[in-house]
Protein chains: 2
Amino acid sequence: MRQKRFFLQENEIPAQWYNIMADMKNKPMPMLNPVTRKAVTVEDLSQLFSEECSRQELNTTDRWIDIPEEVREKYTYYRSTPLVRAYGLEEALGTPAHIYFKNESVSPVGSHKLNSALAQAYYCKKEGVTNITTETGAGQWGTALAYASKVFGLESAVYQVKISYEQKPYRRSMMQVFGALVTPSPSMSTRAGKDILTKMPNHQGSLGTAISEAVELAKMTPGCKYALGSVMSHVTLHQTVIGLEAEKQMEMAGEYPDTVIACFGGGSNFGGLCFPFMRHNLSGKRDTRFIAAEPASCPKLTKGKFGYDFGDEAGYTPLLPMFTLGHDFMPANIHAGGLRYHGAGVIASQLLSEGMIEAADITQTDAFKAGCLFAEAEGIIPAPESCHAIAATITEAAKCKESGDAKTILFCLSGHGLIDMSAYDQFLAGNMTDISFK
Amino acid sequence: MRQKRFFLQENEIPAQWYNIMADMKNKPMPMLNPVTRKAVTVEDLSQLFSEECSRQELNTTDRWIDIPEEVREKYTYYRSTPLVRAYGLEEALGTPAHIYFKNESVSPVGSHKLNSALAQAYYCKKEGVTNITTETGAGQWGTALAYASKVFGLESAVYQVKISYEQKPYRRSMMQVFGALVTPSPSMSTRAGKDILTKMPNHQGSLGTAISEAVELAKMTPGCKYALGSVMSHVTLHQTVIGLEAEKQMEMAGEYPDTVIACFGGGSNFGGLCFPFMRHNLSGKRDTRFIAAEPASCPKLTKGKFGYDFGDEAGYTPLLPMFTLGHDFMPANIHAGGLRYHGAGVIASQLLSEGMIEAADITQTDAFKAGCLFAEAEGIIPAPESCHAIAATITEAAKCKESGDAKTILFCLSGHGLIDMSAYDQFLAGNMTDISFK
């Protein structure tokens, strides 16, 4: 019987994360302190983030960073996640391509986000922090941080983008089951929120705004740190457990990917899967393609500008050197809330500027069409975000069908879509429209 | 590092199901044809069910039944499911007990139901059937059959209990993603539905009523067979893949369960996990306890009568020798829709009458309290049905704490609760009340 799923033993779960910055010839440009406009220091960052995460953020020299044993023990609750050969999808497409996906949807909270949430909560706990705050779009990250906070005995407060808070009530419920205090953003609980609501009372919220609110709460609250679910280099670092596992599992399958694909919001599942494979490109041993699938309505990679910009709406964060649509860009209300972000992480931005990464723009309807095909073929209903990666995979698999070339494609199933069924309803009813980028 | 999860290799997934009837000293009494009142034959049953399932239903002699290779291949999409040592729950309870759970929630559709749906859809396809119909409560079974039908190229029509159809719209959406035609029951599309709506226009539906509708549709439609998600012996047979895997996995963990626990609706996840272990009781080698956790508001095992009754509201099915609250019993609208059924499967009923099985009645609020504790400790939000098994497990673990006895407890996490978050909302808001049995 052909093997469908590949697992690692628990003692084979990576003991270290991979820091791609150590291998980059051109390091990312420095982040700048928004006040002094000088390169941020660990001290600057640790006003907001845990000290260890702040150090990791600026660490451009250590290739391997140890995963704390306490975090690794919690990883065993769901890791290794399966590497799956998508026989069903291959057959549905009639492609000679070998398609694999790394199934991060099996995590307790339904997405890859937990990989970093556990690390961030652990470091906070270790450093004597009592409260964590964050923002969340679709709710995947907020759920992960709520659970991770519960695991390590911290209080958590989550600002959820209002449109998602209303569209996806089940995610709010999940966060509440894990003990989080959840507030729709923009809210009246922060100055940043009040300012926006005063100008635009019907503001539907955005990740940029919610970040401003969470950052403000962290700054104003003793014993409280802020945690971010993507964009930052330390978040992507934690996510490299995905790619490091996948590399071992592909070896079990006797293959190496020609093309690696992931959806792209801030870049954490993308970098998490891709960077461990990219290290073999950087060392000249491999020539793998890496494709970032972003929403056509929020196309920072293909239509954004590379330059310094804030990570949030209000301008509280450091200035980041990144591909951006502008920190005041208001993304369309697509269902893939996790991809509604104006900028790309600094590492991915640098690599994109050097041509190491390709980007594909996916319309919302193409994403859901791909998601439904995948659900029928593989049984798993993907998150709207992951649908973008699937759509890009289908495009590549179609090229293989045309050329007869049996390439090996690996993509990240970053999460499941069980909490997003109302979006599928809309798609199946023919009521989904595409919002073009302006 | 202590091991948390145990998996089998794909070639270790059982190649046969276990038929406990072959080992029972007292076979279940025969089911009776509702018209002739004579013992039903394979011919009788195959008017409704596929021929192979009809044969399996009445097979009391073959201990092992081969799993078709086509079904086993589809099992690899999600099996083996993990056996998990619940370290988190043990620590939260401070119990010396070793608690394990078999995590069936990782299946594509979120529950154990797929184990039988794949088998039933496969046999139908092989026998030239084109359409399958069934009923569903919470939607777990309907989703499984919808997906299994898609896998084997059949059309599916599902009658969903109206209260669940309205309470859990996401399950309906899932069924629709898999191509099923979903109708809330009672409906005007069948005589059985019309009769009930004429008498009670606001009827909220029940499994018994939905079964009547699906059975009627199957009888009236050429090329259409009916499939049932529990109660019948062939369904439980297919579910024994759970217990057979668990047995091997417990061996990997170096343990054997003193107590095995599962929730009980019709008995399929219960029998599926328990019967493979019970065979060692029947052969005199072991003395394991088996506990069926049922809702206090639908207590057929503790307060029902053992005798002949119909499986459905309208009286279309064979008469089954079972513990029953009466086929016209209207279960309370608890969230555990899968446990809202008036009768117990014939095998479990026979074993209960002989004292081989214990039963525990769990109130709805106790179930959800247990579910929240489990979610915090293990990260997985359980289905309302599974919460009953967890509550019973917690009771047993508390006894161990009191006695200091480190017993090994194994329970079935039959499904996840991500589609049931509105029930958790109600519980967390303090708005859940217990409905007493009348």
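The values are calculated or read from the model by the stated rules, or taken from the named source; none is laboratory data. Small disclaimer: the values here were computed from a predicted structure and weren't measured. For neighbour counting, all protein chains shown are included, and Cβ atoms are generated from backbone atoms with ideal geometry for every residue, glycine included. Please note that ligands, DNA and RNA were not included when accessible areas were found on the heavy atoms of the full protein model with its side chains. Shrake-Rupley method; radii C 1.70, N 1.55, O 1.52, S 1.80 Å.
Values for this structure:
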| read-out | value |
| --- | --- |
| Single condition A:T302 does not satisfy, out of (1) at pLDDT 95 or above; (2) in contact with a helix residue (DSSP H, G or I) (Cβ under 6 Å, 6 or more places away or on another chain); (3) open to solvent by 20 Å² or more (accessible area, probe 1.4 Å) | (2) |
| Subset tally (residues that are under 20 Å from A:M278 (Cβ atoms) and assigned to a strand (DSSP E or B)) for region A:357-377 | 3 |
| Some residue of region A:214-221 being on the phi > 0 side of the Ramachandran plot and modelled with pLDDT under 95 | no |
| Any hit, region A:138-152, residues being without any contact (Cβ under 8 Å) to a residue 12 or more places away in the chain and within 14 Å of another protein chain (Cβ to nearest Cβ) | no |
| Residue that is farthest from A:A293 (Cα to Cα) [pool: residues in region A:378-407 that are open to solvent by 10 Å² or more (accessible area, probe 1.4 Å) and among the polar types (S, T, N, Q)] | A:S403 |
| Conditions (1) closer than 23 Å to B:G110 by Cβ; (2) part of a helix (DSSP H, G or I); (3) open to solvent by less than 20 Å² (accessible area, probe 1.4 Å); number of the one not met by A:K102 | (2) |
| Qualifying residue in region B:335-357 (condition: among the polar types (S, T, N, Q), out of contact with any helix residue (DSSP H, G or I) (no Cβ under 7 Å at 6 or more places or on another chain), touching a residue at least 12 places away in the same chain (Cβ under 8 Å) and more than 30 Å from B:E251 (Cβ to Cβ)) | yes |
| Boolean, B:I419 is out of contact with any strand residue (DSSP E or B) (no Cβ under 9 Å at 6 or more places or on another chain) and open to solvent by less than 10 Å² (accessible area, probe 1.4 Å) | yes |
| Qualifying residues in region B:4-22 (those that are part of a strand (DSSP E or B) and closer than 23 Å to B:H280 by Cα) - the one farthest from the other protein chains (Cβ to nearest Cβ) | B:Y18 |
| Qualifying residues in region B:141-166 (those that are open to solvent by 20 Å² or more (accessible area, probe 1.4 Å) and at pLDDT below 95) - the one farthest from B:E216 (Cα to Cα) | B:E166 |
| Some residue of region B:24-40 being within 12 Å of chain A (Cβ to nearest Cβ) and surrounded by fewer than 20 Cβ atoms within 10 Å (Cβ to Cβ) | no |
| Qualifying residue in region A:176-186 (condition: open to solvent by less than 10 Å² (accessible area, probe 1.4 Å), modelled with pLDDT under 95 and within 14 Å of another protein chain (Cβ to nearest Cβ)) | no |
| B:T81, sole failed condition from (1) open to solvent by less than 10 Å² (accessible area, probe 1.4 Å); (2) touching a Phe, Trp or Tyr at 6+ places or on another chain (Cβ under 7 Å); (3) within 14 Å of chain A (Cβ to nearest Cβ) | (2) |
| Residues of region B:214-268 that turn out to be open to solvent by 10 Å² or more (accessible area, probe 1.4 Å) and under 14 Å from B:L410 (Cβ atoms), as a count | 10 |
| Residues satisfying the stated conditions in region B:353-377, i.e. within 14 Å of another protein chain (Cβ to nearest Cβ) and either open to solvent by 40 Å² or more (accessible area, probe 1.4 Å) or not small (G, A, S) (or both) | B:F368, B:K369, B:C372, B:L373, B:F374, B:E376 |
| Failed condition for A:R171, given (1) within 14 Å of chain B (Cβ to nearest Cβ); (2) modelled with pLDDT of 95 or more | (2) |
| Hits in region B:113-140 - residues which are within 22 Å of B:Y18 (Cα to Cα) and open to solvent by less than 10 Å² (accessible area, probe 1.4 Å) | B:L114, B:N115, B:S116, B:A117, B:L118, B:A119, B:Q120, B:A121, B:C124 |
| Enumeration of residues in region B:393-438 that are assigned to a loop (DSSP other than H, G, I, E, B) and farther than 16 Å from B:G337 by Cβ | B:G404, B:D405, B:A406, B:K407, B:A429, B:G430, B:N431, B:T433, B:D434, B:S436, B:F437, B:K438 |
| Residue match in region A:56-67 (condition: open to solvent by less than 20 Å² (accessible area, probe 1.4 Å) and of a type in the set (S, T, N, Q)) | yes |
| Enumeration of residues in region A:105-119 that are part of a helix (DSSP H, G or I) and within 14 Å of chain B (Cβ to nearest Cβ) | A:S105, A:V106, A:L114, A:N115, A:A117, A:L118 |
| Criterion (part of a helix (DSSP H, G or I), in contact with an Asp or Glu (Cβ under 9 Å, 6 or more places away or on another chain) and either within 13 Å of chain B (Cβ to nearest Cβ) or hydroxyl-bearing (S, T, Y) (or both)) met by exactly one of A:Y122, A:Y165, A:Y159 | A:Y122 |
| Residue match in region A:422-434 (condition: within 13 Å of chain B (Cβ to nearest Cβ), open to solvent by less than 10 Å² (accessible area, probe 1.4 Å) and under 27 Å from A:T143 (Cβ atoms)) | yes |
